[in-house]
Every structure is written in structure tokens, then in C-alpha cells.
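J.: Input: one structure, supplied below.
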Amino acid sequence: MSLLDRLAGRAPVPVFACIGPGMQAVTEHALLSPRLRRAASPREAAVLLRAGAIPERAAAAFGRVHDQLPHPRAVLRWDGQGDPADVITDAWVDLLNGADSDTDRRSDEPPNPWEGKGDHGQGGEGMMGGVPYGRPMAMTGDDIRDGLQLDAYTATVGPFAPMLPPGLTLEITLQGDVIISTSVTAPPFPQGDEASAPHLCAARLLRLLGLNAAAARVARGSSPRALWTRGAIPAGLGEAAKGEDVRARLSAWLAGQAGPYQAPRIGSMLPGLEWHEAMLVLNSYAPDALHRACAEEEEAA
Amino acid sequence: MIWLLLTVPVTLAVGVWLAATFDRLAPALWGARAGGPVAALRDGALLLRRQTVRTEAPDDLNRRLAPVVYLALAAIGLSVVPVTHAAPIESPVGIVIWGSCEALTIIAVFLHGWSPNAPFPLIGAYRYAAIALPVMLPSMFVLIAAALPAESLSVTAIVESQREVWNVVRQPLGLALFLLVGLTLTQRGPFDFADGADIAGGTSAEDSGAGRALWQLARLAMLTAFSAMAAALFLGGPLGPGLPGPVWLWLKTAAIMALTVLLGHGIARTTPGRMLTLLWIVALPVSFLHLAVSGGLALW
């Protein structure tokens, strides 16, 4: 084994987790291990952790996430029993020793054929818009804040996007990073009470504020050590009723109190917000509260 | 002369390792687990053992150019910092050279987010440009204020003007404002608008393998250059009793670096819109006031 391999074998293994129903809390705990590192995106990860049973509707998305991991890579199934750090570390060392890297799950082809419409065959107008080869392109549209015509871009985010609760799939239209409209394509997976525990919910919000150390501490059940934690969240952001904003919900979680039982509808909660604000608002509700909101929306439809 | 030039790569190499190690030690002070002195080398080795993925239809030229430009800007910025009585590149307008390195960093970071041809990196790139541009204005006021007591734009002259009293005593607000600039230049903590968790790692979301390692290295190199420049502008650079000049400069650089890393790990990042308001409404007037007061003191 070369020196490079020996060094690489002792590094914390970057893991990207695709989390199935009921597995969010155990997975978040498992990723706190000092031998693992939570990868921000699949490109950063060496091991893809398939936590629990991924429902059929998310199987294609799982394949797409899988194929984004750079080689050498490994996929591990984990049912939530015991600490997966040993198995993950072993898998990474095996890869360094020449074990076969996991091959692609999906064919490396565009999701759609060339549409053949429009001036440039992309199905839009001029050089804009449409979905050439199934990739959405930006198209001018009215800005909902100041009436400027900017480029609107529609994309699907989820079900394994790290900033959304597992399972939640949103079709989002953006102008710059302002959300123009959202619709729920698929609700979050049911997670049970554990994932909605105040300390885990608070840790997710802290991570979105760039406070990884504080988030890890809170997820282990201690109080956060950081500056400007509540102050960094704009006052009045995501205000459901007077005084019930994201800042107040974070304070309640940090004090160990449960948040609201049910979130407002996602389709009306996010438009008009910038992406970072929107993710703060979304994550200021527990996964189960979001699940209930989506279930009610589905019933109404 | 040759040995002066050689200090640049040596300082950058040691600085990158030290910065990466501080990055792994800092969480301990904020209550999380820390890594040791080899941890950074291990993480680097892991990246080098992995494939660099080429995204679909990227801007290949700029994908390769962005980390090289960032690294080059760090090296050029560092080379105008006097190691002893002279800098590796001795220029009568040293802080102007540094200022242009600061401004061009925005372009390097933007291209890093632009080139993979993916939505989250692009959002990170635009966000960073929107925040880093207004940070440049306070930065220029801070640099001019630091030059006033020396009545020169040469960094060597600015160091020389601190023989009796360091600039940090004359202009404490200048160092505080300059730290904000450092956090922005190195994409850290409260000013890391390029690589937020809400956009899956932003401009770095599509980075992997050796390409990722090179970009991270360039970030740490920029932190080294910034820390050395802050040490020269506010802590008297190589001036100090007993020890040789370069040793003083390196010690002061390490101190600024540790402080920057610590702040980066422990201060929350607000939303881009709110930060933009804070920068224009608070940071810019404060920095102008700082320049006026420092100018008054220097003339008086």
C-alpha cells in the first residue's frame, strides 16, 4: 500500500445518505461519527449510504444520485441497526485496495430525446426556454417582486436533496435565486416522532446557517456554542402568526420544546422568498409537520 | 533576492497545511470534535485517490482556470508582503497590487461556480459576487487608512511606519473590518456565500477528486496571503525584538489565521439579502468613518 493510500484510508469517509421512511433520526446520529463526514453533495462522497427501504417512486432518483458519485465508490444498505461506521470504513479501505468500484445504475443518456421544436430545436423561443434533451432552460418571465423581466428556470429538487426532508420532491420555478412558484411532486417520507425531536430539528437549521460544529453539538443533545445564532435569521421570516417566525421556532427547539404540529402548505409558504430564506422557512418545521401539510394538500386536491 | 522569492512558495505550503489543521482544530473550541495535525493530509490524500468528474457540457477552460487564478492571486498578494526589510516583489504601490488581487478573487470564485454548468454552483457564484463586491469598498477604505500614517502605498513603508506603534493600536476598527474582508476572500463562515449548505455546497457542489483538492488548496493559500497581509498592515509584519524578521512575520500570520478560522467556524451566516443590506447600510458608512478618523489622526 502506498503512503497516499495509507493516508487516504485513515481519513474520515465522506458519506452521502439517501434516507428512506423512518430512518432520518438514526442516520443523522450515525453521520455524527468522527470516522465519517457528511458530504454536502454526492460528488463529495465516496460511499452512498442507502438507509432503510427506498420506496419505488424514488428508485430512479436513487439511481441518479448513485451515478453522481465519483469513482471509486461503494453503496451500502443499512437497516438502522448498529453503527454503520465500521462497514463504511471497511468498504472505503477495500476500494483503496483495488475492490471494484460500483458501476452506473442508469444509462448515461439524456432523459428526453432532442425535442426538435423552436429555432434551435429545444422547444422554447430563440435561444431560451424549453427542455432540450430533458434539461430545463431558463426563459424570460415577470419577476414577482419588481416587475423586471428576468430568466425563469424550472427544475425538480429532491427526493434526496440534502437541504430538504428525505422524500420531499418539489418542482420549483426560480428567477435568480428567488422562488416564483413551487408545487409538491412527492411528499416527505413519514419519519416518526424521533426525526421531529427538537434537538435534531434545531441541528438542521444550524447547519443551514453554516454552523456545523454547533449543529453537531446540538444533535448530541448539548447546547450550541456559536455567535449570532438567532440574530442571523431575519426577524419576521416565515411568520405564521404574530411573533411565530423562524427565529422563534428555533428558540423553542433549542429550549427543548416541540414546534407546530402542522406546517402551512408548501406551495404558499415559499414563493417570493430567496432560496436561502426558503430553505430556512421549510426547515423551521419538523419533517412530520411538513408530511402532514403535504398529506392535507393532497386530500384537498 | 532569490531567497526572498523562495519564501513565497514555502510560506504558502506551510500556511496551507497550518490553515487546514486550524480548520480541523477550531471545532473543538466551539464544542465539536477536532482532528489532529495529520488529519488535513489524510483528507487531501482521500481526494487525490478519487476521480475528478467532468459535468455535462462544462466550461472546460474556466473550470481549469478558476483554481489556478485563485492560487496565483494568493501568491501575488503574498509576494508584496515584506518578509524582512523588503518584500519578494518590492513595489511602491504594494497595497494597490493586493487590492487588485482582492477584487480579482471575485472573478475566480464566480468562474468556479459558473463553469460546471449546474444550477446550485451558479446560484453560489452569483450570491458570492453580490456579497463580495460591496465588501471590496470597505476593504479599499481600510487599506487607504492603513497607508495614511506611512504616507506611502508601499507595504514596506507601511510596516516601517509601525516601528513605534502598531496600526492595530492606532486603527483597531481597521483590523476588525479587514477580518470581514478576509472571511469573504477565503469564503468562510458568515461570509461563505459561495458554498452554503442550502445549495448543497454551492460553487463546490460539483467538485470532486483532485479538482476539488486544488480548489480547497487555493482557498487555504488565499487565507495564508490574507493573514500575512493583515499581519503586515496591522501588527507590524516582521518588526519585533530578538527573533529574526521572517519568524515574527510567520508568528503574526499564524495568529491572524487562527483568529480568522475561529471566527469562520463560530459565527452564523445570515441570508444573502440581509447581508447585502448590512454591508451597504452599516459596513460601508462605518468604514468611511474609520477612514475619516484615521486620516484626521494621521494629519494631526
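J.: Kindly provide the helix-only [θ] at 222 nm of chain B, computed as the sum of -39,500 (n - 2.57) over DSSP H runs of four or more divided by all residues, to the nearest 500 deg cm²/dmol?
T.: Per the formula, -22500 deg cm²/dmol.
J.: Loop-only chymotrypsin sites (Phe, Trp or Tyr not before Pro) in the range A:215-261, please: DSSP not H, G, I, E or B, and at most 12 other Cβ atoms within 10 Å.
T.: Those that pass, being in a loop and sparsely packed, are A:Tyr261.
J.: At 7 Å along Cα-to-Cβ for each site, give me the label-to-label distance between B:Ala255 and A:Gln81 in nm.
T.: Simple spin-label model gives 5.7 nm for this pair.
J.: Where in chain A are the DSSP H helices whose C-alpha atoms run 15 Å or more along the long axis and whose mean Kyte hydropathy is at least -1.0?
T.: Going by DSSP H runs, the hits are A:85-96, A:198-208, A:287-300.
J.: Using the 10 angstrom Cβ neighbour count as an exposure proxy, how do B:His112, A:His276, B:His290 rank, fewest first?
T.: Lowest count first: B:His290, A:His276, B:His112.
J.: Where does the range A:148-224 land on Rg/Rh, using Cα atoms and the Kirkwood Rh?
T.: Computed over Cα atoms, the ratio is 1.09.
J.: Which of the peptides A:38-46, A:136-144 is most tightly packed, and how do the rest follow, judged by the mean count of other Cβ atoms within 10 Å per residue?
T.: Ranked from most to least packed, the peptides come out as A:38-46, A:136-144.
J.: Further question: Measure out, as a whole number of angstrom, how far apart the alpha-carbon centroids of the range B:215-248 and the range A:238-301 sit.
T.: 46 Å
J.: Still on this structure: Taking the Cα centre of chain A as origin and charging only Cβ (+1 Lys, Arg; -1 Asp, Glu), how large is the dipole, in debye to the nearest 20?
T.: Magnitude of the dipole: close to 1160 debye.
J.: Sticking to Cα atoms, compute the Rg of the range A:3-96 to one decimal and its Dmax as the biggest Cα-Cα distance, whole number, in Å.
T.: In order Rg, Dmax, the Cα atoms of the range A:3-96 give 12.8, 44 Å.
J.: Determine the principal axes of the Cα atoms in the range B:230-300, then give the extent along each, sorted from largest to smallest and rounded to whole angstroms.
T.: Its Cα atoms span 48, 39, 12 Å along the three principal axes.
J.: Apply 1/(1 + (r/R0)^6) to the Cβ-Cβ distance of A:Glu299 and A:Arg64, taking R0 = 35 Å, and write down the FRET efficiency to the nearest 0.05.
T.: Efficiency for this residue pair is about 0.75.
J.: Please list, in chain and number order, the residues 5+ apart from A:Leu150 or on another chain whose amide H is under 5 Å from its amide H, with Hs placed from the backbone.
T.: Close amide H contacts, sequence-distant or interchain: A:Gly141, A:Asp143.
J.: Step through the residues of the range B:276-289 one at a time and calculate ³J(HN,Hα) from phi using the Karplus curve (6.51 cos²θ - 1.76 cosθ + 1.60, θ = phi - 60°), rounding each to whole Hz and writing x for Gly and Pro.
T.: Ordered by residue, 3J(HN,Hα) equals 4, 4, 4, 5, 6, 8, 10, 5, 5, x, 4, 5, 5, 4 Hz.
J.: If you put +1 on each Lys and Arg Cβ and -1 on each Asp and Glu Cβ, how big is the dipole of chain B around its Cα centre, in Debye rounded to 20?
T.: So the magnitude is around 560 debye.
J.: Percent of alpha carbon pairs in chain A separated by more than 32 Å?
T.: Summing the P(r) tail past 32 Å for chain A gives 33 percent.
J.: Once you charge only the Cβ atoms, +1 for Lys and Arg and -1 for Asp and Glu, what is the size of the charge dipole of the protein assembly as shown about its Cα centre, to the nearest 20 debye?
T.: Using Cβ point charges on Lys, Arg, Asp and Glu, the protein assembly as shown gives about 1740 debye.
J.: Show me the ranking of peptides A:22-32, B:155-165 by mean Cβ neighbours inside 10 Å, starting with the highest.
T.: A:22-32, B:155-165
J.: I've got another one for you. When the C-alpha atoms of the range B:2-299 are aligned to their principal axes, what extent does each axis show, in angstrom, from largest down?
T.: Taking the Cα atoms of the range B:2-299, the three principal extents are 57, 43, 41 Å.
J.: How many times 2.2 N^0.38 Å is the alpha carbon radius of gyration of the protein assembly as shown?
T.: Against the empirical 2.2 N^0.38 Å value, I get 0.99 for the protein assembly as shown.
J.: Could you compute the net charge surrounding B:Ala218? Neighbours are other residues with a C-beta less than 14 Å from the C-beta of B:Ala218; K and R count +1, D and E count -1.
T.: So the surrounding residues net to +3.
J.: Using θ = phi - 60° and the Karplus form 6.51 cos²θ - 1.76 cosθ + 1.60, what ³J(HN,Hα) does each residue of the range B:31-41 get, whole Hz, x for Gly and Pro?
T.: My calculation for the range B:31-41 gives x, 10, 7, 10, x, x, x, 8, 3, 5, 5 Hz in order.
J.: How much of the pair distance distribution for the range B:32-128 lies past 21 Å, counting alpha-carbon pairs only, in percent?
T.: Across the range B:32-128, Cα pairs with separations above 21 Å total 55 percent.
J.: Per the Debye formula with a single identical scatterer at each Cα and no solvent contribution, what log10 I(q)/I(0) holds for the range B:63-218 at q = 0.15 Å⁻¹?
T.: -0.80
J.: Further, regarding this structure: Please compute the Kirkwood hydrodynamic radius over the range B:79-169, one decimal place, Å, based on all pairs of different Cα atoms.
T.: Kirkwood radius, the range B:79-169: 14.8 Å.
J.: Taking amide H positions as placed in the peptide plane 1.01 Å from N, state which residues far from A:Val13 in sequence (5 or more) or on other chains have amide H under 5 Å from it.
T.: A:Leu36, A:Arg37
J.: What whole-number distance in Å separates the alpha-carbon centres of the range A:148-203 and the range B:54-110?
T.: Their Cα centres are 37 Å away from one another.
J.: If you take the C-alpha gyration tensor of the range A:187-251, multiply each eigenvalue by 5 and take the square root, what semi-axes do you get, largest first, in whole Å?
T.: 19, 18, 10
J.: Follow-up question, since we're still on this one. Could you tell me the convex hull volume per residue, in Å³, taken over the Cα atoms of the range A:193-300?
T.: Cα-based convex hull of the range A:193-300, divided per residue, equals 96 Å³.
J.: Let me ask something additional. Given the rule -39500 (n - 2.57) for each run of at least 4 DSSP H residues, summed and divided by the residues of chain A, what is its mean residue ellipticity at 222 nm, to the nearest 500 deg cm²/dmol?
T.: That comes out to -8500 deg cm²/dmol.
J.: Please name which of A:Ser222, A:Ser284, A:Asn97 has its Cα lying farthest along the dipole of chain A towards the positive end, using unit charges on Cβ (Lys, Arg +1; Asp, Glu -1) and the Cα centre as origin.
T.: A:Ser222
J.: Quick one: what Rg and Dmax do you get for the range B:1-43 from the alpha carbons, in Å?
T.: Cα radius of gyration and Dmax of the range B:1-43 are 13.7, 46 Å respectively.
J.: Let me ask something additional. Please compute the contact order of the range B:60-179 in relative form: average sequence separation of alpha-carbon pairs under 8 Å and at least six residues apart, divided by the residue count, as a percent.
T.: In percent, rounded to a whole number, it is 27.
J.: Taking θ as phi - 60°, what are the ³J(HN,Hα) couplings along the range B:197-210 by the Karplus curve (6.51, -1.76, 1.60), each to the nearest whole Hz, with x for Gly and Pro?
T.: With coefficients 6.51, -1.76 and 1.60, one gets 5, 6, 10, 6, x, x, 4, 9, 4, 9, 7, 8, x, 5 Hz.
J.: Any idea what Rg and Dmax come out to for the range B:16-76 if you just take the C-alpha atoms, in Å?
T.: Rg, Dmax (Cα atoms, Å): 15.6, 43.
FYI, it's all coordinate maths here, none of it is from the lab. Here the structure is a predicted model, which is why all the values come from computation and not from measurement. In this analysis, Cβ positions are derived from the backbone assuming ideal geometry, glycine residues included, and neighbour counts consider all displayed protein chains.
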